[in-house]
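Structure, as structure tokens:
No value in this document is a laboratory result; all are computed from the given coordinates. In this text, all values refer to a predicted model and were calculated from it rather than measured experimentally. Using ideal geometry, Cβ is built from the backbone for each residue, glycine included, and neighbour counts are taken over all protein chains shown.
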Amino acid sequence: MEKRVYNFSAGPAVLPEEVLKEAQENFYSYPGVGISVMEMSHRSKAYDNIITAAENDFRQLLDIGDDYHVLFLQGGATLQFSMVPLNIMGPNYKADYIVSGSWAKKAVKEAKRVGQVNIAATTESDNFTHLPKQEDLKLDPQASYVHYTSNNTIFGTQYITEPEVGEVPLVCDASSDILHKKIDVKKYGLIYAGAQKNMGPAGCTIVIVRKDLLERAPDDLHTYMNFNTHAGKASMYNTPPTFTIYIMGLVFKWLKNMGGLDAMYKLNKEKAGLLYDYIDNSGGYYKGTVTEKSDRSLMNVTFRMPTEELEKKFIAESTEKGFSGLKGHRSVGGLRASIYNAFPKKGVEDLVEFMKEFKNNN
Ligand SMILES: *Cc1c(COP(=O)(O)O)cnc(C)c1O
């Protein structure tokens, strides 16, 4: 088999090697069934075991109580930009949005089609190089919910603790940092996250939603768009992304074997720490793009170099040496190392070595 390289892609992103190997072993014929998971009816007993185990393990990892639904949906986090306001912006159709990056802006665009959006704070005038501060939030106590993005995949910022919003339900787009640590789900009304960054392959979006919020959905909402449809059918109203959910289930088992989310958080801090420490001690050759150190992401480490020519050269040479996907998002340029849960610590150590070598030679 062809050798694997280090995958720093922002998403779809690296998966645990153990998961890939287990899936490969059972790819052709799933044990006890004799067909592949892709060929199974989603209504079969075998598949029911797969999706039930995935949901149970996910609930266990985040300690999610019975007062929340866990839904496996499609359409990406992008569809949730619409589904969330369509379902829970009522009855007064006012919501607060904290705008800390391009994904939040896209969420605002769709919410505005449903009701009145109050921008509680935005750091756009600083090119999203830091997060809005708690004291700068202009929150409306009448809002139906407050929406924020826990990790800004493109700009490399991340909240350490969630914004304080009082009694108003907190809604979070956690697409690029879900499961990177334990969070207190009880603080949230709704959390959504696409699978392809920190949970599995593309094709599935998890929605964790407090059950009482589902009563807000208007009766004339299209069937598929209504959370109640999916909650009432255990995510089986129509054919779910069966293979993606299977792989997600393997990732959840892997996380449990790794010691759960506290162990994962410790590892994530070590990995990001290695990279940020070197960047900060490179004499200004490499520069972190985030202006507040406390806002730096553990998942997406964004940095720049003295010139764009050097950045181009760095990307070309690093790719050649087996470091894939270090180019920053096209909208901001520079470099970005996405080091999600499944990214190995050894890969970060090797990247730091490469960065030192490159600096010496250039
Ligand atoms: C990737 C990403 C999205 C978009 O996800 P899709 O699954 O492509 O719709 C939304 N929000 C955040 C924070 C992301 O990182």
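Within the stretch 281-302, can you find the residues that are free of Cβ contacts under 8 Å to residues at least 40 places away in the same chain and within 17 Å of Asp350 (Cα to Cα)?
Correct list: Asn281 only.
Please tell me if Lys197 is more than 15 Å from the ligand (Cβ to nearest atom) and more than 24 Å from Lys112 (Cβ to Cβ).
Answer is no for this residue.
For the stretch 293-315, give me each residue that is in a helix (DSSP H, G or I), exposed (fewer than 15 other Cβ atoms within 10 Å of the Cβ) and more than 24 Å from the chain's Cα centre (by Cα).
Result: Glu308, Glu309, Lys312.
If you scan the stretch 73-118, which residues turn out to be of a type in the set (Gly, Ala, Ser), in a helix (DSSP H, G or I) and within 12 Å of the ligand (Cβ to nearest atom)?
Listed by number, the residues that qualify are Gly76, Ala77, Ser82, Ser102, Ala104, Ala107.
Tally time: how many residues in the stretch 316-351 are surrounded by fewer than 18 Cβ atoms within 10 Å (Cβ to Cβ) and in a helix (DSSP H, G or I)?
8
Out of the stretch 121-179, which residues are part of a loop (DSSP other than H, G, I, E, B), surrounded by fewer than 19 Cβ atoms within 10 Å (Cβ to Cβ) and among the small types (Gly, Ala, Ser)?
Once the filter is applied, which keeps residues that are part of a loop (DSSP other than H, G, I, E, B), surrounded by fewer than 19 Cβ atoms within 10 Å (Cβ to Cβ) and among the small types (Gly, Ala, Ser), the stretch 121-179 yields only Gly166.
May I ask you to say which residue of Ala272, Ala263 is in a helix (DSSP H, G or I), of a type in the set (A, V, I, L, M), over 28 Å from Gly90 (Cα atoms) and touching a Leu at 6+ places or on another chain (Cβ under 6 Å)?
One residue alone meets the criteria, Ala272.
Would you pick out the residues in the stretch 308-329 that are within 14 Å of Val348 (Cα to Cα) and of a type in the set (Phe, Trp, Tyr)?
Selection gives Phe323 alone.
Within the stretch 24-64, take every residue that is at positive phi and over 26 Å from the mean Cα position of the chain (by Cα) and give me the one that is surrounded by the most Cβ atoms within 10 Å (Cβ to Cβ).
Gly34
Hey, can you tell me all the residues within the stretch 160-176 that are over 20 Å from Met89 (Cα atoms), more than 16 Å from the ligand (Cβ to nearest atom) and in contact (Cβ under 8 Å) with a residue 60 or more places away in the chain?
Ile160
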